[in-house]
Amino acid sequence: MEIPSKPNVARGQPPTDTLVEPLLSIRNLSVAYRSSKGKGGYYKALRNISLDIRPGESVGLLGESGAGKSTVASAIMSLVEPPDKIMGEIIYNGKDVLKLTDKQLRHYRWNEAAMIFQAAMNSLDPVVTVGKSFEELLLDKQLARGRNHARELAKKLLHEMELPETICDMFPLELSGGMKQRVIIAMALATSPKILLLDEPTTALDAVTQFAVLSTLKKLKQSGKLQNLILITHDPSVHAFMVDRLIVMLKGVIVEDGPIEEVMTRPKHPYSQLLLGTLPLSPKRGSISEKLVDDSCPFTRYCPYVMQKCRDRMPKMYSVGEGQEAACYLYGGA
Ligand SMILES: Nc1ncnc2c1ncn2[C@@H]1O[C@H](COP(=O)(O)OP(=O)(O)O)[C@@H](O)[C@H]1O
Ligand SMILES: [Mg+2]
C-alpha cells in the first residue's frame with residue numbers, strides 16, 4: 001500500500017510517512033453472516049479486505065447501504081460471533097484483536113477502541129437521568145472513586161461535548177436529538193479511547209444539528225483529545241467535513257482509498273465516480289446480464305468501462321496518485 005509522503009500539516013495532523021507503524025492493521029478480513037433463509041447458507045458481507053490505519057488519522061468509510069461499512073466496525077470491535085464467520089487478522093499493538101481473551105477484550109473495547117453504534121442515541125435508558133447513566137458507567141469502568149467523583153467527571157465530559165452540566169439532572173426524553181448524541185459521545189470518551197468508531201453518528205439529525213455535533217468532534221480531534229476517528233456514513237459531505245482519508249466500499253470490498261480532497265474531487269474508481277457524481281453515463285450500463293463469478297468486481301454490472309477480466313477476477317488496488325489507490329483494471333493489470 002502506498003502511503004502519502006506529504007505531511008498533512010494544514011489540517012493539524014501528524015505527518016504520515018512510510019516509517020510510521022500502523023495503529024491498526026486489517027489483513028485479509030472476510031465476514032460471512034449466517035443467512036436466515038435456507039439451511040447453512042452464508043452471506044459474504046466482507047470479501048478479503050486489507051486496510052492500515054495510521055496513528056492520528058481520521059478515516060471515513062463511504063458506500064451505499066449494504067456495502068459492509070458497519071461490518072468493518074463490528075469486526076474492529078471483535079463483535080462478529082458464531083454462527084457468523086470471520087476470517088483474517090486485525091492487528092492492534094502487535095496482537096490480533098480477534099484472538100484476545102475475554103479480559104483483554106474488555107480492556108480493548110473501552111480503553112483502546114470505542115464504538116458509537118448506529119442509532120445509539122435512542123439507547124439511553126429513559127428512566128434514569130443523564131447524570132445517573134454517567135455514574136453507572138464511570139463506577140463500572142472503575143474510572144470514578146465514588147458518586148461525587150463520578151458527577152465531577154461527568155460534568156467534565158459533558159463540557160468537552162459542549163453541553164451544560166445541568167443536563168445531568170435531565171432524562172433522555174427532555175433532550176433534543178443533538179443533545180442525546182452529544183451525551184452518547186461524551187460517554188464513549190470517558191475512557192479516552194485511542195480509536196473512536198462512529199457509525200452514522202448524525203444521520204438521524206437535521207443538517208444544522210448534524211454539523212454542530214460534528215464541529216465539536218472536530219475540535220476535540222484538533223486539540224488532541226481524540227486521536228483516531230473512524231467515521232461511517234453514506235453522506236460524502238460529512239466525510240468532506242471530518243476526515244483526512246476516504247475509503248470507498250461497494251458490496252463487501254474496498255474500491256478506492258485516498259486523501260479526502262483527491263477522492264472527493266478526482267475519484268478514480270468508476271463506482272466512486274458514480275457516488276460522487278463524476279461518472280459519464282454510458283449506454284453499456286446495465287446491459288450486462290450474464291452470471292458473475294463470486295470473485296468478480298461488484299461494479300461489473302453497472303460499469304461503463306467493463307472488461308471481461310472484471311468479471312473473471314476482482315482487481316487488486318492499483319496506485320492512482322499520491323496515497324491514492326483504486327481497485328480497477330483501468331489503472332493496471334494489463
Ligand atoms: N447480523 C447480520 N446477519 C445477517 N446479515 C447481515 C447482518 N449484518 C449485516 N448483514 C448484511 O451484510 C451486508 C453488509 O451490512 P452492513 O455492514 O450493515 O452494511 P452497511 O453498514 O454498509 O450498510 C448487508 O447485506 C446486510 O444485510
Ligand atoms: Mg451500517
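The values are calculated or read from the model by the stated rules, or taken from the named source; none is laboratory data. Note that this is a predicted model, so its numbers are computed, not measured. Methodologically, a virtual Cβ is constructed for each residue, glycine included, from the backbone with ideal geometry; neighbour enumeration extends over all protein chains shown.
Which of the following residues is buried (at least 19 other Cβ atoms within 10 Å of the Cβ), of a type outside the set (D, E, K, R) and within 16 Å of ligand 1 (Cβ to nearest atom): PRO172, PRO201, PRO193?
PRO201
Tell me the residue from LEU198, LEU217, LEU226, LEU205 that is within 20 Å of GLU162 (Cα to Cα) and part of a strand (DSSP E or B), please.
Testing whether each residue is within 20 Å of GLU162 (Cα to Cα) and part of a strand (DSSP E or B) leaves just LEU198.
Residues checked against (1) within 29 Å of TYR318 (Cβ to Cβ); (2) surrounded by fewer than 20 Cβ atoms within 10 Å (Cβ to Cβ); (3) small (Gly, Ala, Ser); (4) more than 19 Å from the chain's Cα centre (by Cα):
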{"position": "TYR42", "(1), (2), (3), (4)": "no, yes, no, yes"}
{"position": "ILE49", "(1), (2), (3), (4)": "yes, no, no, no"}
{"position": "ILE53", "(1), (2), (3), (4)": "yes, no, no, no"}
{"position": "GLU57", "(1), (2), (3), (4)": "yes, no, no, no"}
{"position": "GLU81", "(1), (2), (3), (4)": "no, yes, no, yes"}
{"position": "ARG109", "(1), (2), (3), (4)": "no, yes, no, no"}
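Looking at region 35-89, which of its residues are polar (S, T, N, Q), near ligand 1 (Cβ under 8 Å from one of its atoms) and over 18 Å from ASP199 (Cα atoms)?
SER35, SER36 - these are the residues of region 35-89 that are polar (S, T, N, Q), near ligand 1 (Cβ under 8 Å from one of its atoms) and over 18 Å from ASP199 (Cα atoms).
Here is a list of conditions, (1) away from ligand 2 (no atom under 16 Å from the Cβ); (2) touching a residue at least 40 places away in the same chain (Cβ under 8 Å); (3) closer than 27 Å to ALA75 by Cα; (4) not in a helix (DSSP H, G or I), and GLN142 meets all of them except one; can you say which number that is?
Result: GLN142 fails condition (2) only.
For residues that are within 16 Å of ligand 2 (Cβ to nearest atom) and among the hydrophobic types (A, V, I, L, M, F, W, C), scanning just region 242-252, find the one that is nearest to the chain's Cα centre (by Cα).
Checking each candidate, the answer is ILE247.
Confirm whether ASP199 is closer than 30 Å to VAL127 by Cβ, modelled with pLDDT of 95 or more and charged (D, E, K, R).
yes
Cβ-Cβ distance below 6 Å, separation of 6 or more or different chains: which pairs start in region 48-69 with a residue that is modelled with pLDDT of 95 or more and part of a loop (DSSP other than H, G, I, E, B) and end on one that is among the aromatic types (Phe, Trp, Tyr) and within 16 Å of ligand 2 (Cβ to nearest atom)?
none
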